[in-house]
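Values in this text are rule-based calculations from the coordinates and carry no lab data. Bear in mind the structure is a predicted one, so any value in this text is a computation, not a measurement. As a convention, Cβ positions derive from the backbone with ideal geometry for all residues, glycine included, and neighbour counts pool all protein chains shown.
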Amino acid sequence: MTTAINLLDFDLEGLVAWCGQLGEKRFRATQLFRWIHQKGVSDFAQMSDLAKSLREKLAGVAVVEPLPVVSQHMSADGTIKWLFDVGDGNAVETVFIPETDRGTLCASSQAGCAVGCRFCSTGHQGFSRNLTTGEIMAQLWFAEHFLRKHLQTDERVISNVVMMGMGEPLQNYGALVPALRTMLDDHGYGLSRRRVTVSTSGVVPMMDRLSQDCAVALAVSLHAPNDALRDHLVPLNRKYPLAELMQACQRYLDFAPRDFITFEYCMLDGVNDQPEHARQLIELVRTSGKGAWCKFNLIPFNPFPASGLKRSSNAVVQEFGRLLNEAGIVTTVRKTRGDDIDAACGQLAGDVKDRTRVEQRIVLQRKADTALKATDEGVRGS
């Protein structure tokens with residue numbers, strides 16, 4: 001038995017090529033693409049302006065297959081969180097955040113995450129696998145058309161997509177780029193490159209590739225002003241340290257739809273939130289580029305037991321932001337949304353089978369931290 005092809009896996013050019021194998025012309029692929037993404041139709045029989053012969057062909061070899069919804073939670077502030085089943089005991093989370101001037105979807109790219117940032121609950125749960133392009137797109141496909149029905153509108157509801165959900169998007173590059181192209185395509189969702197954001201912890205080679213293949217807005221999870229601290233908070237820094245990361249950001253700016261890179265900075269009590277850290281960030285920004293080339297988004301930490309970390313006080317966050325702003329660095333504090341349904345930044349965990357033995361790695365990391373601290377104290381005491 002031939003497995004049916006999920007048409008959500010294709011961007012427009014991919015669908016054109018696939019339809020060509022069926023003997024169909026480009027305009028038929030474009031019609032099909034519009035039915036799927038603009039109208040949210042998954043039943044080929046309802047695609048009324050497609051030739052009957054094509055509909056019959058599709059019924060035998062293709063599907064538009066959404067992800068099963070495990071749960072849906074609506075926050076008092078209007079935020080909606082969905083848990084999608086991606087098979088084999090794995091699930092991913094997707095969050096819609098309504099604002100007065102936009103509707104933002106936070107989408108996942110992996111079941112879990114292998115980066116293992118200390119302050120991220122998803123990273124603590126471990127990594128299972130990459131999502132396919134179809135699984136990435138199914139999140140937007142479902143959310144957009146669910147919201148249109150829910151709000152009783154034919155107008156587009158989702159104006160912004162941020163790849164900031166579960167996973168490191170640039171470690172799933174092959175599936176990510178076709179999904180981004182579908183989001184941007186006028187025959188798909190017609191989103192602006194300025195309104196589609198990829199968030200990365202700093203996978204430098206893939207940042208360079210993205211600038212050439214599909215340059216959308218870029219957000220970098222920074223979280224520390226120096227290599228020693230960032231090695232501890234964002235383990236990927238050991239492979240791509242700050243100097244390399246800053247250089248990659250500068251290269252990306254030449255192709256980016258915005259004239260700045262956004263730096264995400266999770267505020268951790270007593271860890272990275274002191275005035276000295278702010279001064280180090282100011283120096284890092286000044287030595288890495290000229291002018292207002294970046295913006296900072298300070299993120300109040302959302303505590304979870306396994307992290308051993310605490311949220312910085314509001315006063316500390318505001319003072320940290322004041323120091324950056326007074327140095328000429330545009331800095332905002334992210335509003336917490338969806339706290340009552342665990343949909344806030346760093347809380348997306350889903351149900352992930354850990355294939356990286358993350359609990360063992362955390363124990364080993366803590367032992368290494370303790371040993372390093374003892375060594376430092378011994379050196380100071382000698």
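A few notes on this one:
- Between Phe255 and His150, the C-beta separation translates, for a Förster distance of 30 Å, into a calculated FRET efficiency of about 0.25.
- Scanning residues 5 or more positions from Val220 or on other chains, those with amide H under 5 Å from its amide H are Thr200, Thr262, Phe263, Glu264, with H placed 1.01 Å from N in the peptide plane.
- The chain, relative contact order [Cα under 8 Å, separation at least 6], %: 17
- Cβ crowding within 10 Å ranks His150, His145 as His150, His145, fewest other Cβ atoms first.
- Considering only the chain, percent of DSSP beta bridges that pair antiparallel, nearest 5: 45
- Segment Ala306-Ile5, length gained on full extension (0.36 nm per residue, minus Cα span): 104.3 nm
- The chain: angle of helix 275-288 to the longest principal axis, Cα-based, in degrees nearest 10: 60
- Chain lengthening between Asp88 and Thr30 when straightened (0.36 nm per residue, less Cα-Cα): 17.5 nm
- Residue-count net charge about Val285 - beta-carbon cut-off 14 Å; Lys, Arg +1, Asp, Glu -1: +2
- Rounded tilt (10° steps) of 52-61 against the dominant C-alpha axis of the chain: 50
- Nearest-ten-degree value, helix 242-253 long axis tilted from longest Cα axis of the chain: 40
- Here the 3J(HN,Hα) profile of segment 106-112, calculated from phi with Karplus coefficients 6.51, -1.76 and 1.60 at θ = phi - 60°, is 9, 10, 9, 10, 9, 7, x Hz, Gly and Pro shown as x.
- Under 5 Å between amide hydrogens, built in the peptide plane, is the criterion, and for Thr331 it picks out Phe296 among residues at least 5 positions away or on other chains.
- Proximal charge balance of Glu135 [Cβ under 11 Å; K/R count +1, D/E count -1]: -2
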